[in-house]
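Inspection log for the structure reproduced underneath, given as structure tokens.
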Amino acid sequence: MNGRNLLGVLALVVLGLLAWELRWVLLVLFGAVVLAVALDVPITLLRRLLPLNRPSALGLVLLLLLVLSWWLVTLLLPEVLEQLKQFSALLPRLSERLSSLVASIPGLQELEQQLFRGELINRIQPVGSQLLGMAGGAANTSVQVLLIILLAVLLALDPRSHQRLLIAATPRFYRERMQKLLRDCREALGGWLAGMTLSAAVVFLTTWAGLALLKVPLALLSGLVCGALTFVPTIGPTAATLLPLAMALLVSPAKVLQVLILRLALQNGEAFLLTPLLLSRTVNLLPTVALMAQLCLGALLGLPGLLLALPLVVVLQVIGEEVVVRDVMDRWVRPDA
């Protein structure tokens, strides 16, 4: 290895260490980019329909979002608060029903005795401390969320200047490719956001309607939880199913089976029909890649990393296809060829 290669390797190591030290700053920046792309989609649509400049279109989009949020809050918040009160009142009944269910199954009875003897508490304690640490980290992210919103508004206000700055920092021979790469990343990320938003809305409405038809308590709250956790595929829908199942247990075991069938049908329909249809023209993530990305970033960065894992994988997939595959692997030939 000559001196130039050694210097390049050292520079990459230093950049990697610097990126790790600044990982929270980079995470906030990437979150702002994701939100800016989400704002850019309706901004572009408005500018196609109306003769507006970008600042005016951005102001109109923010105003529409505020009005829509206020309308949704006034429409849904009273019902959600009422259902939260009902949920707290139903917790004792749910505990009694679970206790009776455990008492009817011998294996679960022995497990309960071991749990109360404290044999399993010491094993579960590290996991509980990790969950508490994650919850504490989520409670301390309010400043980061405000920074993400502020940076996203600034990026959406003038994205071309930021693109030109990034392109100018690229070697001249690669600037045209960088411009195409940025455009492809934006299209993939925008398509993923639009597809997941529509998918979450469909899951919320169908879950709400299905649970209401089955006369399961807290149908609206369960639908909201299932719709929100759609943005965390693989892990989110499975965790979201626990709430409607618990509420169905208060009615009857047969109702639990009905809710389970409903959620399995909706979850599989969303995962294998709706989401692939919505994302077929933009990005197609393998379930294994999505799950590993969530596990890795969740372990490294906690809840923010878990939430931003999939959009980051969307961008990295585009970069991998354009840079690693086309620019490196496709041009890699044997020295003796």
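Note on K255: lysines with a C-alpha under 26 Å away, same-chain residues under 8 apart excluded, are K85, K215. A simple packing score, the average count of other Cβ atoms within 10 Å per residue, orders the peptides 304-310, 185-191, 164-170 as 304-310, 185-191, 164-170, with the highest score first. Taking a ≥ b ≥ c as the square roots of the Cα gyration tensor eigenvalues, with a/c under 1.5 meaning rounded and otherwise prolate when a/b beats b/c, else oblate, which class fits region 196-285? It comes out prolate by the Cα gyration axes. In angstrom, the C-alpha Rg and Dmax of region 134-233 are 19.9, 64. Averaged over residues, the count of other Cβ atoms within 10 Å places the peptides 201-212, 54-65 in the sequence 201-212, 54-65, highest first.
Shape of region 1-47 from its Cα gyration tensor (a ≥ b ≥ c, root eigenvalues): rounded if a/c is under 1.5, otherwise prolate when a/b > b/c, or oblate? Judged from the Cα gyration tensor, region 1-47 comes out oblate (a/c at least 1.5, b/c at or above a/b). Each principal axis of the Cα cloud of region 234-337 was evaluated for its coordinate range; sorted largest first, these ranges are 72, 31, 22 Å. Please give the length that would be gained between Q144 and R326 if that part of the chain were fully extended, namely 0.36 nm times their separation in residues minus their C-alpha to C-alpha distance (nm, one decimal). Between Q144 and R326, full extension yields an extra 61.9 nm.
Looking at the square roots a ≥ b ≥ c of the eigenvalues of the Cα gyration tensor of region 26-90, which shape do they give, rounded for a/c under 1.5, prolate if a/b is larger than b/c, or oblate? Here region 26-90 falls in the oblate category.
We did not get these values from a lab; they are worked out from the coordinates using the rules stated. The structure presented is a predicted model; accordingly, all values stated were derived computationally and were not measured. Cβ sites come from the backbone with ideal geometry, for glycine too, and all protein chains shown count toward neighbours.
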